[in-house]
1. Within the stretch 179-207, restricting attention to residues that are among the small types (Gly, Ala, Ser) and over 26 Å from CYS50 (Cα atoms), which residue is most open to solvent (accessible area, probe 1.4 Å)?
2. Given the structure, is SER145 assigned to a loop (DSSP other than H, G, I, E, B), small (Gly, Ala, Ser), open to solvent by less than 20 Å² (accessible area, probe 1.4 Å) and at pLDDT 95 or above?
3. Quickly run through the stretch 96-123 and pick out the residues that are closer than 18 Å to LEU193 by Cβ and part of a helix (DSSP H, G or I).
4. If THR154 meets every condition in (1) in contact with a Leu (Cβ under 7 Å, 6 or more places away or on another chain); (2) closer than 24 Å to SER63 by Cβ; (3) open to solvent by less than 50 Å² (accessible area, probe 1.4 Å); (4) at pLDDT below 95 apart from one, which number is that one?
5. Tell me whether the stretch 88-105 contains one or more residues that are within 17 Å of THR167 (Cα to Cα) and not charged (D, E, K, R).
6. Would the stretch 166-178 turn up any residue that is farther than 24 Å from ASP90 by Cβ, open to solvent by less than 20 Å² (accessible area, probe 1.4 Å) and either part of a strand (DSSP E or B) or without any contact (Cβ under 8 Å) to a residue 12 or more places away in the chain (or both)?
7. Scan the stretch 14-56 for residues that are under 19 Å from GLN140 (Cβ atoms) and either β-branched (Val, Ile, Thr) or modelled with pLDDT under 90 (or both) and jot them down.
Amino acid sequence: ANGEKTAISTFSEVHRPIKSVQTETNSFSLTANLSENNKERDIRLLCDVCKGLDVSVCFFVTSEHLDKNEELLEYITGSGHYLGLYIREDMSEFSRSEIMRQIAEKNDKFFTETHRYPKHVRLEQPADSKSSEVLNAYCQYNIDSNIVITEDNTGLIKAGDIVEIATVDSNAPYLTAKFLANAIKKDLKPVPLKELLYEIESEVDANGRQCT
């Protein structure tokens, strides 16, 4: 697994979100973002479909969302999936120290509700170098995506991609199953992010690809 490699690249002066991984394996990872607008039955059905296909999804949730949906989040993790931290606020104008404070507070809330530290973080707003730099300092991966599953895209994928389910609605389970079927036809295998990613210090190029 890529996450077990010990080689570490020269630390990049520019910190970028990770969209894909340079890899010789046929692996990719599946992710989804949750918000207050999602319906519980749609989330549960998506969990069940992916579990039935032996796929583990990283569901990104806000720290505020955690304490209001304890039962649902237990269902997600109980179905073999896992949680990441979703930050929706625009922090591009914040100082580095304010970004550190904001992320630390959200990490603490996440830990209080889940009893673990969020290793994977997704920023809804475009990440600037400061945000990614702070996440790296906290030993957290800044996760973006290279492919988004939509009605118009259920087939384009390559090894190393981080894939995002665009919208978790009633149509998401069908589109995701169709996408996974196309990936399997290409001999691509979905794996959890921890198995796809390299060490936290590994360099990320201008295209968002994490390299060895």
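1. ALA206
2. Yes; evaluated as a whole, the condition is true for this residue.
3. Hits for the stretch 96-123 are ASN107, PHE110, THR114.
4. With (1) in contact with a Leu (Cβ under 7 Å, 6 or more places away or on another chain); (2) closer than 24 Å to SER63 by Cβ; (3) open to solvent by less than 50 Å² (accessible area, probe 1.4 Å); (4) at pLDDT below 95 applied to THR154, the lone miss is (2).
5. No, the stretch 88-105 contains no residue that is within 17 Å of THR167 (Cα to Cα) and not charged (D, E, K, R).
6. no
7. VAL14, HIS15, ARG16, ILE18, VAL21, THR31
For every residue, the table says whether it meets (1) polar (S, T, N, Q); (2) within 28 Å of ILE184 (Cβ to Cβ); (3) open to solvent by less than 70 Å² (accessible area, probe 1.4 Å).
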| position | (1), (2), (3) |
| --- | --- |
| LEU45 | no, yes, no |
| LYS51 | no, yes, no |
| HIS65 | no, no, yes |
| HIS81 | no, yes, yes |
| LEU85 | no, no, yes |
| SER95 | yes, no, yes |
| GLU98 | no, no, yes |
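The values are calculated or read from the model by the stated rules, or taken from the named source; none is laboratory data. On a predicted model such as this, the values are computed, not experimentally measured, just so you know. All Cβ positions, glycine included, derive from the backbone under ideal geometry; neighbour counts span all protein chains shown. These accessible areas exclude ligands, DNA and RNA; they are computed on the full protein's heavy atoms, side chains included. Shrake-Rupley method; radii C 1.70, N 1.55, O 1.52, S 1.80 Å.
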